[in-house]
1. In segment 44-82, what residues are in a helix (DSSP H, G or I) and among the charged types (D, E, K, R)?
2. Hey, does segment 52-74 have a residue that's closer than 27 Å to Gly23 by Cβ, loosely packed, with under 10 Cβ neighbours inside 10 Å, free of Cβ contacts under 8 Å to residues at least 60 places away in the same chain and hydrophobic (A, V, I, L, M, F, W, C)?
3. Sort out which residues of segment 26-43 are within 12 Å of the chain's Cα centre (by Cα) and outside any strand (DSSP E or B), and write them in order of number.
Amino acid sequence: MAVATMTNKGQVTIPKEVRDTLGLHSGDKLDFSCQKEGTIVVTPIKKNVDDLFGKLFNPERKALSCEAINEALRRKFKQQKL
């Protein structure tokens, strides 16, 4: 059984055994769900690049050509060099 102690700031260090079991790394997000019987369920929130697919899509935005994109990048980089 893995045991952790909460600090006066409400922080808890997750025991290594639990981190390894859940595959957790620094910066990972966790979801805490409180059950009616007083149990807390901790679920890692795993995101990958596939979760982002379509997030920036806007059907009202006009598509840019490669040339227009390249020109916008050139202008931006010239501004940064000044």
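1. Asp50, Asp51, Glu67, Glu71, Arg74, Arg75, Lys76, Lys78, Lys81
2. Yes, that holds for at least one residue.
3. Ser26, Gly27, Asp28
Every number here is computed from the coordinates shown, using simple stated rules; none is lab data. These figures come from a predicted structure and were not determined experimentally. Cβ: placed from backbone, ideal geometry, glycine included. Neighbour counts: every protein chain shown.
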